[in-house]
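One structure is given below, encoded as structure tokens.
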Amino acid sequence: MSKRRPLVAGNWKMNGSLALVDEMKSALEASEFANTDVLVCPPFPYLGSLASDGFILGAQNHSKFDAGAHTGETSAAMLKEFGCRYVIVGHSERREDNNESNLDVAEKVETAINAGLIPILCVGESEQTRDAGKENEFIAEQLDAVLKLIGIANVAKIVIAYEPIWAIGTGKTASPEQAQAVHEFIRSHLTKENADVAASVQILYGGSVKASNAATLFSQPDIDGGLIGGASLNAEEFLAICQAANA
């Protein structure tokens with residue numbers, strides 16, 4: 001089977017400025033990635049300013065509600081009106097800071113799909129869970145909550161991002177072998193439901209990806225790109241990561 005098309009997604013988290021918007025927009029519009037999809041997910045206020053034909057626009061979160069009396073929330077439909085094609089769902093920081101449960105995340109995945117967005121479903125374990133040897137069990141629970149709500153057929157409409165919590169913003173990175181092992185587990189877990197969907201779904205790695213380690217990570221058979229955090233705030237570094245996926 002041919003390699004799935006790589007996707008490199010930059011997650012700015014609660015960082016950025018109009019100056020960074022201009023810098024990143026200029027750098028990406030001047031670059032070509034024939035074999036890779038490049039996605040930028042800035043904070044909400046920058047979505048309108050960052051919209052471009054030179055790359056794909058995504059958001060970092062959305063409400064599980066379609067509309068209504070939910071002050072401070074942003075619906076998936078609103079994001080689509082601003083040109084978003086993707087939305088990050090269930091990032092570990094959302095799960096931790098906002099107490100998002102597996103069910104909450106699953107409901108957001110469903111809402112995004114219904115609005116015509118592609119959710120990037122984040123899964124991943126803490127260092128304590130890995131040290132206990134329970135990372136696969138933990139990730140399976142996260143996946144199963146989504147499978148139960150949307151069904152395996154709709155998994156073909158999402159992207160999955162494996163982000164080991166212990167490697168986010170810590171400088172630690174899963175070795176290529178460690179990352180590949182979990183990606184392979186995710187795909188094998190989905191294969192139990194539908195082998196064709198499992199084979200086609202994009203699975204990204206997120207966890208201190210840098211230009212220096214991107215090529216080795218992306219060369220693994222089940223790693224289809226990256227969900228990039230801190231390195232996506234530096235145009236030169238982010239472009240180098242995108243080129244590593246594009247090679």
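Give me the pairs: first residue in region 160-186 and over 24 Å from VAL109 (Cβ atoms) and part of a helix (DSSP H, G or I), second residue of a type in the set (A, V, I, L, M) and modelled with pLDDT of 95 or more, beta-carbon distance under 6 Å, and six or more apart or on different chains, which are they?
PRO176/LEU217
Going residue by residue through region 80-100, is there one that turns out to be assigned to a helix (DSSP H, G or I), out of contact with any helix residue (DSSP H, G or I) (no Cβ under 9 Å at 6 or more places or on another chain) and surrounded by fewer than 16 Cβ atoms within 10 Å (Cβ to Cβ)?
yes
Does GLY207 meet the test of being assigned to a loop (DSSP other than H, G, I, E, B), under 15 Å from ALA231 (Cβ atoms) and either of a type in the set (Asp, Glu) or touching a residue at least 60 places away in the same chain (Cβ under 8 Å) (or both)? Break it down into steps so the answer makes sense when it comes.
On the way: assigned to a loop (DSSP other than H, G, I, E, B): yes; under 15 Å from ALA231 (Cβ atoms): yes; either of a type in the set (Asp, Glu) or touching a residue at least 60 places away in the same chain (Cβ under 8 Å) (or both): yes.
Spelling it out, GLY207 is indeed assigned to a loop (DSSP other than H, G, I, E, B), under 15 Å from ALA231 (Cβ atoms) and either of a type in the set (Asp, Glu) or touching a residue at least 60 places away in the same chain (Cβ under 8 Å) (or both).
When the residues of region 127-151 are narrowed to those that are within 19 Å of the chain's Cα centre (by Cα) and aliphatic (A, V, I, L, M), which ends up nearest to GLU110 (Cα to Cα)?
Taking the candidates together, the pick is ILE150.
Any idea which of ALA244, ALA240, ALA215 is crowded, with 21+ Cβ neighbours inside 10 Å, over 24 Å from GLU96 (Cβ atoms) and without any contact (Cβ under 8 Å) to a residue 60 or more places away in the chain?
Testing whether each residue is crowded, with 21+ Cβ neighbours inside 10 Å, over 24 Å from GLU96 (Cβ atoms) and without any contact (Cβ under 8 Å) to a residue 60 or more places away in the chain leaves just ALA244.
Can you tell me which residue within region 152-172, out of those that are farther than 17 Å from ILE186 by Cβ and either touching a Leu at 6+ places or on another chain (Cβ under 6 Å) or not aliphatic (A, V, I, L, M) (or both), is surrounded by the most Cβ atoms within 10 Å (Cβ to Cβ)?
TRP166
Do you know which residues across region 210-247 are among the hydroxyl-bearing types (Ser, Thr, Tyr) and either in contact with a Pro (Cβ under 8 Å, 6 or more places away or on another chain) or assigned to a loop (DSSP other than H, G, I, E, B) (or both)? Working first, answer last.
Going residue by residue through region 210-247, those that are among the hydroxyl-bearing types (Ser, Thr, Tyr) are 212, 216, 219, 232.
Those that are among the hydroxyl-bearing types (Ser, Thr, Tyr) and either in contact with a Pro (Cβ under 8 Å, 6 or more places away or on another chain) or assigned to a loop (DSSP other than H, G, I, E, B) (or both): THR216, SER219.
So, in region 153-208, how many residues would count as being under 15 Å from the mean Cα position of the chain (by Cα), among the β-branched types (Val, Ile, Thr) and farther than 16 Å from ASN136 by Cβ?
Summing the residues that are under 15 Å from the mean Cα position of the chain (by Cα), among the β-branched types (Val, Ile, Thr) and farther than 16 Å from ASN136 by Cβ in region 153-208 gives 5.
Can you pull out the residues in region 88-134 that are in contact with a Leu (Cβ under 7 Å, 6 or more places away or on another chain) and without any contact (Cβ under 8 Å) to a residue 40 or more places away in the chain?
The answer is VAL89, and nothing else.
Take the residues in region 117-128 that are closer than 17 Å to SER101 by Cα and β-branched (Val, Ile, Thr); name whichever of them is surrounded by the most Cβ atoms within 10 Å (Cβ to Cβ).
Among them, the one singled out is ILE120.
Looking only at region 2-26, how many residues end up being outside any strand (DSSP E or B) and over 18 Å from ALA247 (Cα atoms)? Steps first, answer last, please.
Step one: filter region 2-26 for residues outside any strand (DSSP E or B), giving 2-6, 12-26.
Still in the list and also over 18 Å from ALA247 (Cα atoms): 12-26.
Total satisfying the criteria: 15.
Filter region 107-122 down to residues that are of a type in the set (A, V, I, L, M, F, W, C) and assigned to a helix (DSSP H, G or I), then give me how many there are. If you could, list the steps in order and put the result at the bottom.
Initially, region 107-122 is screened for residues of a type in the set (A, V, I, L, M, F, W, C), giving 109, 112-113, 115, 117-118, 120-122.
Adding the requirement that they be assigned to a helix (DSSP H, G or I) leaves 109, 112-113.
Looking only at that region, the number is 3.
The values are calculated or read from the model by the stated rules, or taken from the named source; none is laboratory data. This one's a predicted model, so the numbers in the text were calculated from it and none came from an experiment. Ideal geometry is used to build each Cβ from the backbone, glycine not excepted, and the neighbour counts take in all protein chains shown.
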